[in-house]
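Bear in mind that the values in this text are calculations on the coordinates, not laboratory data. Keep in mind it's a predicted model, so treat the numbers as computed, not measured. Every residue, glycine among them, receives a Cβ derived from its backbone with ideal geometry; neighbour counts consider all protein chains shown.
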Amino acid sequence: MRLRHMKAAQHPEVPQHYLGGIALRLLAMASLSAMFVLVKMAADAGVHVAESLFWRQVVVLPLLVIWAMRHGGLSNFHTRRPGTHARRAIMGLTGMALNFGGMIYLPMAEATTINLSVPIFAVIFAALFLGEPTGWQRWSAVIIGFLGVLVVLNPTTVVASGFSGDHGLGTLIALGGAVMTALITIQVRDLSRTESAMSIVFWFSLISLIPLTLALPFVMTSHSASEWAILIGLGLLGAVVQMSLTGALRLAPVALVTPMDYSSLLWAIAFGWYFFGTFPAETTWVGAPLIILSGLFIAWREHRLHIERQKDIAA
């Protein structure tokens, strides 16, 4: 994959608001966990993953069009980077399919834990492709968070069982989804230099619907009222997730907002227990504090540094 024209400097027209970016990322994680509950419910009801992806995307477009008509028209979606949007759509659709698959095959807490490796990859990719400064404090906190993920995952059990059956396949799929999500994060950060959050979400939804619409006649089945409610809810939550994720990356650096993904583990534990009767292993209670504290430390430190930089500029 080629990520072109990625520079460390932020586009001057994009104001930075670190706490706003953190808040949007936290909202995205809560909405994402709720959406994954509906993904698992849809799969249990026999809905094909391609159809779930279709409804996840198609509900977003009318909402975006309504917003655009109230804020100056469809010119809000004008872009000079159609090729970059197309690459982002391909990556996004692949990442969503992998994340859906991992969530279907694995318990929510375990699939979410694997996905928490995203910040590790994102920090590396941000440093390589965007040239974002990453000090030793941030690296140390991220490494501690990753150690917490390893504790929760309990790799000795995974190695002993091997990658066989639904569980092993789900683990591989979830790992692939984590890597792809990190790459998507970098791509969206690059797009955010010149494109609005709404434009990025619009083109992603529109382009990704092309292959999904072609596949729909081969996988769609009749649904009950409750199943339709699940699919529509999936789409609405998907809209909140997309706009929150994109907005967060527009307001703050990748390495700052991605540690907030650790909060999704708490939602996954609660939702997994409430909706599916699954309860985390003892290792989760040991690793989770490491994961959460590392993310909070990074957010606090970057916020303090941002304040100091603003004071220097004002002086």
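Each other residue within a Cβ distance under 11 Å of I186 adds +1 if Lys or Arg and -1 if Asp or Glu, for a net charge of 0.
Taking label positions 7 Å along the Cα-Cβ direction at both N76 and I143, the computed distance is 4.5 nm, reported to one decimal. Ranking of I22, I307 by neighbouring Cβ atoms within 10 Å, starting from the fewest: I307, I22. Net charge in the neighbourhood of F204 (other residues with Cβ under 11 Å of its Cβ; Lys, Arg +1, Asp, Glu -1) is +1. Since only N76, W55, A89 are under comparison, the one whose Cα sits farthest along the positive direction of the charge dipole of the range 30-104, derived from C-beta charges on Lys, Arg, Asp and Glu, is N76.
Computed extension gain for L19 through L172, at 0.36 nm per residue and net of the alpha carbon distance, reaches 51.7 nm.
Using the Cα coordinates of the range 183-302, the gyration tensor eigenvalues translate into equivalent-ellipsoid semi-axes of 30, 26, 11 Å, sorted from longest to shortest. Electrostatic tally near G177: other residues with Cβ closer than 14 Å to its Cβ, Lys and Arg +1, Asp and Glu -1, net -2. Only Cα sites of the range 255-294 enter the Debye sum here, all with the same form factor; the resulting log10 I(q)/I(0) across q = 0.30 1/Å is -1.02, listed in q order.
Each Lys and Arg adds +1 at its Cβ and each Asp and Glu adds -1 at its Cβ; summed about the Cα centre, the range 18-314 shows a dipole of about 900 debye.
Think of the range 18-314 as a dipole: +1 on every Lys or Arg Cβ, -1 on every Asp or Glu Cβ, centred on the Cα centre; then among T278, T194, I210, T194 lies furthest on the positive end. Whole-Hz Karplus values for the range 172-185 come out as 5, 4, 5, 5, x, x, 5, 5, 5, 4, 5, 5, 4, 4 Hz, taken residue by residue from phi with 6.51 cos²θ - 1.76 cosθ + 1.60 and θ = phi - 60°; glycine and proline positions read x.
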